[in-house]
Amino acid sequence: MAAVVVPVGVTGETVESVLRGLPTPDSIFVVTVPGFEDVKRRIIGVLRSAAEALGSRFYEFTVEPGGVDGLVSLYRALLRERPGVVYLVGLTGSRYLFPLLAAVLLQYWRVSGARVLLVHGVEGGGRSLEPLPGFFAPAMRLSAVQRRLLAIVYGSAGRVSGKDLIERYGFTRSVYYVLADLERKGLLVVRRNRIEKTLPGMLVYRLLEASGEAGDGWREGGEGLPEG
């Protein structure tokens, strides 16, 4: 199951096209704050019609300034629906809403294990899908082994595989558990044993590099991982 969370602002053009390029969602969650009611009603009407055309369940929530009731209602609805993938639209809505929605979805990610992806880009321009938890990874504690893996992956001009990590860099097969944890954090993606880079992962690596904490990624036959 997949869900889309759409914060609604007062610009309709992006909202009307936001579902393009995404898989058909089982549910659409629309979140707004009070104000500019006439404009927002029209935008929400477009999304409601889109949900009907797609056969998606439609939810609408209002978040009062300084209040949390609407956010709690959104969270409870997510727990009932239990989508395995959630897309948060980062191209629309108020600046007030975004950090609040990010907090709600990170909590949902922690308790459900769902993938939470940010629809990231510039309004009217290109867009990409990025793992939302990765943007908050600087606040996560990364082990020396995890930092070294990031240095290897992001210090390489090409792609690195799990096999490369074992044969070139001296890791044991337990490295796959570390890769899975880094993927859960949104710092890389593993596809068919090839490790793909993400924007959050690149950001975290560059921040670690700037502070001298990135790890010695290119030391051949370096520190491995204990088995088990």
*Can you tell me which residues in segment 82-112 are touching a residue at least 24 places away in the same chain (Cβ under 8 Å) and part of a loop (DSSP other than H, G, I, E, B)?*
Arg82, Pro83, Gly84, Gly90, Leu91, Thr92, Gly93, Ser94, Tyr96
*asked:* Tell me the residue from Val15, Val5, Val39, Val46 that is among the aliphatic types (A, V, I, L, M) and at pLDDT 90 or above, please.
replied: Val5
*Options Asp69, Asp26, Asp38: the member that is closer than 29 Å to Ala139 by Cβ and acidic (Asp, Glu)*: Asp69
*Looking at Gly93, is it within 17 Å of Leu22 (Cβ to Cβ) and either surrounded by fewer than 21 Cβ atoms within 10 Å (Cβ to Cβ) or out of contact with any strand residue (DSSP E or B) (no Cβ under 7 Å at 6 or more places or on another chain) (or both)?*
no
*basic (Lys, Arg), in a helix (DSSP H, G or I) and surrounded by 13 or more Cβ atoms within 10 Å (Cβ to Cβ) - does that describe any residue in segment 121-128?*
no
*Among the helices (runs of 4 or more DSSP H) confined wholly to segment 138-222, which include 1 or more residues that are farther than 29 Å from His120 by Cα and either of a type in the set (Ser, Thr, Tyr) or in contact (Cβ under 8 Å) with a residue 40 or more places away in the chain (or both)?*
144-155, 175-184
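The values are calculated or read from the model by the stated rules, or taken from the named source; none is laboratory data. It should be emphasised that the depicted structure is a prediction, and the values quoted were computed from it without experimental measurement. Cβ coordinates were reconstructed from backbone atoms using ideal geometry, including for glycine residues, and neighbour counts include every protein chain displayed.
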